[in-house]
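The values are calculated or read from the model by the stated rules, or taken from the named source; none is laboratory data. All values reported here derive from a predicted model rather than from experimental measurement. Reconstructed Cβ throughout: ideal geometry from the backbone, glycine too, with neighbour counts over all protein chains shown. Protein only, heavy atoms only, side chains kept; ligands, DNA and RNA dropped before computing areas. Shrake-Rupley method; radii C 1.70, N 1.55, O 1.52, S 1.80 Å.
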Amino acid sequence: MKIAFVGKGGSGKTTLSSLFIRHLAAAGAPVVAVDADINQHLGAALGLEEAEAAALPAMGDRLALIKSYLRGSNPRIASVETMIKTTPPGEGSRLLRVGEDNPLYAACARQVELDGGAVRLMVTGPFTDADLGVACYHSKTGAVELYLNHLVDGRDEYVVVDMTAGSDSFASGMFTRFDITFLVAEPTRKGVSVYRQYKEYARDFGVVLRVVGNKVQGQDDLDFLRAEVGDDLLVTVGHSDWVRAMEKGRPPRFELLEDANRRALRTLQVAADATYELRDWQRYTQQMVHFHLKNAASWGNERTGADLAAQVDPGFVLGEGVTALA
């Protein structure tokens with residue numbers, strides 16, 4: 001299952017995504033965690049020391065390797081240089097599985113040990129001083145989009161992506177790559193403003209969007225969120241001494257997380273698992289192609305000097321029955 005956590009800056013989305021990742025790992029589920037936020041904090045939230053987090057291999061720095069591996073022997077892709085972030089897979093492309101070992105994971109993922117389990121962690125890499133004025137952060141998140149476009153994931157295995165804050169996700173088609181999107185919202189007008197934007201943008205693409213109310217302190221906060229987001233409100237989370245200790249770098253054992261918050265995490269998993277039955281690989285592939293053609297026409301063809309529409313394999317549909325190139 002592919003799961004995104006979104007929300008405005010400071011909403012607590014990274015904290016909640018890290019708790020959800022810990023919850024899945026403790027249950028023994030296969031998990032790939034991806035930090036796609038411009039502010040790279042997921043590693044620290046999963047317990048890495050600052051130096052360890054800084055040493056994680058950046059996907060954005062390994063884009064050529066990622067493209068070369070995923071291209072495989074696809075005859076429609078003339079070269080690695082003509083691959084862009086939206087290039088879809090086709091016959092001959094290499095596809096990815098959550099639990100397999102492959103050169104992409106070897107180069108870009110690191111194993112993070114958690115209470116009762118472990119996860120693979122991948123990061124886009126930070127936006128550095130050298131990038132200012134000459135690069136767009138989406139050149140880094142493009143590596144994540146390519147990864148998701150070539151991923152064949154199944155029931156009871158999880159890819160959890162901590163997305164960049166606000167509505168910035170809509171600068172590409174990546175927002176359509178998920179089975180469910182959890183939008184973390186505080187009980188304030190600013191807190192629900194991103195929800196309104198996301199709801200509007202995602203309306204025509206079948207995005208399953210559920211709201212997680214965070215920093216909810218009482219009935220008034222709960223009533224406010226219910227009035228603002230209606231039935232999209234899935235669950236709320238309040239103060240956590242466990243989280244406060246974790247943020248100080250001294251997390252207790254995960255089994256000591258408060259019962260109410262453990263129930264909230266189980267609710268998130270139940271909601272995510274329920275979307276498996278809604279999967280439509282045909283639509284998923286069509287959306288991939290839609291955004292690729294849009295990017296090709298707006299900037300890709302000019303930048304690469306190639307007709308990127310020719311990369312689309314009209315007979316190819318991504319799905320669990322598709323065999324990856326060895």
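Things to note:
- Assessment of the range 155-174 against the conditions (open to solvent by less than 10 Å² (accessible area, probe 1.4 Å), over 14 Å from the mean Cα position of the chain (by Cα) and modelled with pLDDT of 85 or more) yields no matching residue.
- Residue check, residue 25 more than 15 Å from the chain's Cα centre (by Cα) and open to solvent by less than 10 Å² (accessible area, probe 1.4 Å): yes
- Residues in the range 285-311 that are under 21 Å from residue 69 (Cα atoms) and either under 24 Å from the mean Cα position of the chain (by Cα) or part of a helix (DSSP H, G or I) (or both): 285, 288, 289, 292, 300, 304, 308, 309, 310, 311.
- Qualifying residue in the range 43-54 (condition: closer than 16 Å to residue 125 by Cβ, open to solvent by less than 10 Å² (accessible area, probe 1.4 Å) and of a type in the set (D, E, K, R)): no
- Matching residues, the range 251-280, being more than 19 Å from residue 31 (Cβ to Cβ), outside any loop (DSSP other than H, G, I, E, B) and without any contact (Cβ under 8 Å) to a residue 40 or more places away in the chain: 256, 259, 260, 263, 277
- Some residue of the range 237-245 being among the acidic types (Asp, Glu), more than 24 Å from residue 48 (Cα to Cα) and open to solvent by 100 Å² or more (accessible area, probe 1.4 Å): no
- Flag if residue 31 is among the β-branched types (Val, Ile, Thr), buried (at least 21 other Cβ atoms within 10 Å of the Cβ) and closer than 26 Å to residue 165 by Cα: yes
- Failed condition for residue 74, given (1) part of a loop (DSSP other than H, G, I, E, B); (2) in contact with a helix residue (DSSP H, G or I) (Cβ under 9 Å, 6 or more places away or on another chain); (3) within 19 Å of residue 175 (Cα to Cα): (3)
- One residue stands out among those in the range 275-326 that are loosely packed, with under 15 Cβ neighbours inside 10 Å and among the hydroxyl-bearing types (Ser, Thr, Tyr): the one that is farthest from residue 153 (Cα to Cα), which is 298.
- Selected residue [modelled with pLDDT under 95, among the small types (Gly, Ala, Ser) and within 24 Å of residue 44 (Cα to Cα)] from 218, 249: 249
- Matching residues in the range 213-228 - criterion: being open to solvent by less than 70 Å² (accessible area, probe 1.4 Å) and either of a type in the set (Lys, Arg) or closer than 22 Å to residue 273 by Cα (or both): 213, 214
- Some residue of the range 235-245 being in contact (Cβ under 8 Å) with a residue 40 or more places away in the chain and closer than 30 Å to residue 44 by Cβ: yes
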